[in-house]
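Read the structure below first, then the notes.
Here, each number is a calculation from the coordinates, and none is a lab measurement. Everything quoted here is computed from the prediction, not taken from an experiment. Glycine gets a Cβ as well: all are built from the backbone with ideal geometry, and neighbour counts include every protein chain shown.
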Amino acid sequence: MPSILAYDLGASSGRALLGRLNNRTIEVEEIHRFGNDPVAIGDRLQWDILRLYHDIKQGLLKAKHAGETPSSLAIDSWAVDFGFIGRNGELLGNPYHYRDRHTDGVMERTMARLTPERIFGRTGIQFLPFNTIYQLAALKEADSPLLEQGRHFLMIPDLLRYFLTGEMFGEFSNASTTQLYNPILGGWDADLLGDIGVSPALFGTVVQPGTRVGQTRASLTEELGIGTIPVYAVAEHDTGAAVAAVPALERDFAYLSCGTWSLMGTEVDRPVMGELAQELNFTNEGGVNGTFRLLKNIMGLWILQETRRTWENAGMSYGFPELVALAEQAPAFGSFIDPDDPMFLHPGDMPSRIASYCANSGQRAPQTPGETVRCILESLALKYRYVLELTERLSGKSFSGLHMVGGGIQNALLCQWSANAIGKPVWAGPVEGSALGNLVVQWIAQGELKDIWEARRVIRESFPVTEYEPRDGAAWEAAYGKFRALAGLS
Ligand code: ADP
Ligand code: LRH
């Protein structure tokens with residue numbers, strides 16, 4: 001059985017997985033893992049896009065050295081970010097990181113001018129300050145040469161795919177995250193683009209997940225000494241890929257894609273675009289098979305990543321397992337933060353920000369690394385409960401437990417505390433949700449798997465799922481009340 005190749009690029013790291021479908025069992029081999037470190041230059045924070053392309057080529061070389069000739073490949077990545085191609089076919093500038101401060105205040109100004117009803121009513125997408133629409137509006141306000149000289153807008157996976165194939169296509173799941181894609185009209189929203197003064201001519205064809213969109217170009221195959229490989233568009237939004245891989249056997253399931261971000265919600269057949277969805281700031285991101293992800297972003301393990309980086313810069317180096325062990329030894333329910341407070345969005349000294357949050361809310365600030373990490377993880381688990389309750393309210397569904405996928409499930413303490421907080425079981429697995437979702441969409445496109453439900457069954461049979469039963473109900477119930485009051489969550 002030939003192998004296929006999936007590249008999954010998260011905001012903190014990327015990996016290349018070779019997958020093989022053997023008698024309804026998926027076998028995977030991670031052939032390349034690489035850091036994805038953004039680079040700050042002056043006031044700007046940018047992605048090192050050429051390094052990411054270099055690592056994609058490294059994945060192809062490692063496959064070759066392992067004696068593998070993948071019969072197809074696809075890329076998924078984090079959402080919302082993009083680059084422009086100029087009239088000579090070359091990339092103009094380095095793509096900005098969505099945490100760059102050039103969008104500060106832009107969402108508020110754009111909402112005031114266009115009205116939230118118009119933006120949400122045309123897209124069904126939640127208001128996040130870094131959505132592509134506000135990044136483009138920021139470039140417009142700053143009179144960026146990119147908008148004058150750009151000829152084609154490509155999102156990150158589309159851009160890397162363009163480097164590989166020379167072909168330019170957008171993809172539905174990732175396009176939906178821009179807040180410029182209209183799911184009712186089924187295309188880019190030219191009126192919204194007009195509202196922010198950006199030409200719709202920059203935006204090209206959007207294909208559905210599972211479309212073949214070219215093959216590796218001759219210059220690349222010659223450079224690497226490999227054969228030509230067909231290239232697919234999958235659910236190129238990593239969260240879309242992760243949800244495709246949730247090993248749920250029932251239709252109405254709740255998921256938490258747990259990595260740099262925590263994305264929690266449920267899958268729906270049609271976008272939920274009413275007043276309540278807008279008021280609760282839920283989103284309807286495009287998925288596979290015409291489905292939508294009704295979900296909410298939660299700031300996630302980003303806060304822990306930045307905490308770790310802050311300590312590392314100060315000469316204290318901790319691995320994630322070590323931080324989890326310190327948290328476990330610290331006293332329970334010392335202090336809480338609302339992880340989604342905007343003060344935690346941008347890179348920086350998270351331990352100090354947590355201390356300020358606690359001071360401002362009349363709490364004792366965590367004093368030790370263990371107390372700090374415990375505060376982050378308990379607060380996340382409590383926020384999961386809050387968002388799960390909102391998801392039930394909005395969708396009218398009732399969930400018997402929560403599926404968790406992604407790198408964050410290696411943190412067994414977080415999984416257990418999530419179960420405790422929601423008072424329901426957590427089913428954790430698989431870790432490499434996005435890469436697996438990427439693989440199965442390629443197999444569906446090639447007729448190797450029937451549809452997404454067969455894919456989920458095969459994933460369920462191929463990878464272990466760890467069940468965490470809820471514990472300490474009364475203590476977590478009391479903590480939830482305190483957390484909600486502190487965070488002002490009615
Ligand atoms: P992304 O794809 O968004 O870059 P991942 O899905 O790779 O993120 O998840 C990264 C997160 O997983 C880290 O922030 C960290 O909190 C957690 N993590 C990774 N490895 C471990 C580990 N061995 N123990 C506990 N947590 C871990
Ligand atoms: C997770 C993710 C998330 C987006 C964010 C920008 O990696 O794609 O779904 O909101 O990055």
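Annotations
- Dipole magnitude for region 3-233: computed about the Cα centre from +1 point charges on Lys and Arg Cβ and -1 point charges on Asp and Glu Cβ, it is near 320 debye.
- Shown for the chain is the translational diffusion coefficient from the Stokes-Einstein equation, using the Kirkwood radius over Cα pairs, a temperature of 4 °C and a viscosity of 1.567 mPa s: 57 µm²/s.
- Distance from region 162-241 to region 42-109 (C-alpha centre basis), Å: 13 Å
- Computed over neighbours whose Cβ is under 10 Å from that of Leu249, the net charge equals +3, Lys and Arg +1, Asp and Glu -1.
- Among Leu146, Gly334, Val198 - extreme Cα towards positive end, dipole of the chain, charges at beta-carbon: Gly334
- Gap separating the Cα centres of region 126-153 and region 381-430, nearest whole Å: 35 Å
- Of the residues Met107, Met168, the one with the fewest other Cβ atoms within 10 Å heads the list, and the complete ranking is Met168, Met107.
- Within-14-Å neighbourhood charge of Gly121 [Cβ basis; K, R +1; D, E -1]: -4
- Label-to-label distance for Thr205 and Gln329 is 6.0 nm, based on points extended 7 Å past Cα in the beta-carbon direction.
- Ranked list, fewest to most other Cβ atoms within 10 Å of each Cβ, for Cys258, Cys358, Cys415: Cys358, Cys415, Cys258
- Over every Cα atom in region 185-314, the radius of gyration and the widest Cα-Cα span, Dmax, amount to 19.2, 55 Å.
- Alpha-carbon gyration tensor eigenvalues x 5, square-rooted, for region 366-444, Å: 25, 19, 10
- Stokes-Einstein D for region 383-490, Kirkwood Rh over Cα pairs, 20 °C, 1.002 mPa s (µm²/s): 138 µm²/s
- Under the criterion of Cα pairs below 8 Å and six or more residues apart, the relative contact order for the chain equals 15 percent.
- Here region 126-253 yields Rg over Rh of 1.03, to two decimals, using C-alpha coordinates and the Kirkwood radius.
- Taking the Cα centre of the chain as reference, the dipole from Cβ charges on Lys and Arg (+1) and Asp and Glu (-1) amounts to some 220 debye.
- The residues packed around Val28, meaning those with a beta-carbon under 12 Å from its beta-carbon, carry a net charge of -3 if Lys and Arg are +1 and Asp and Glu are -1.
- Using the rule -39500 (n - 2.57) for each DSSP H run of four or more residues, divided by the residues of the chain, the 222 nm mean residue ellipticity is -12000 deg cm²/dmol.
- Violating pairs (Cα-Cα greater than 28 angstrom) within the set Lys397/Lys482; Lys57/Lys450; Lys296/Lys424; Lys57/Lys140: Lys57/Lys450; Lys57/Lys140
- Residues Trp47, Trp453, arranged from fewest to most other Cβ atoms within 10 angstrom of their Cβ, appear as Trp453, Trp47.
- Computed Kirkwood radius, in angstrom, where 1/r is averaged over Cα pairs of region 3-233: 18.6 Å
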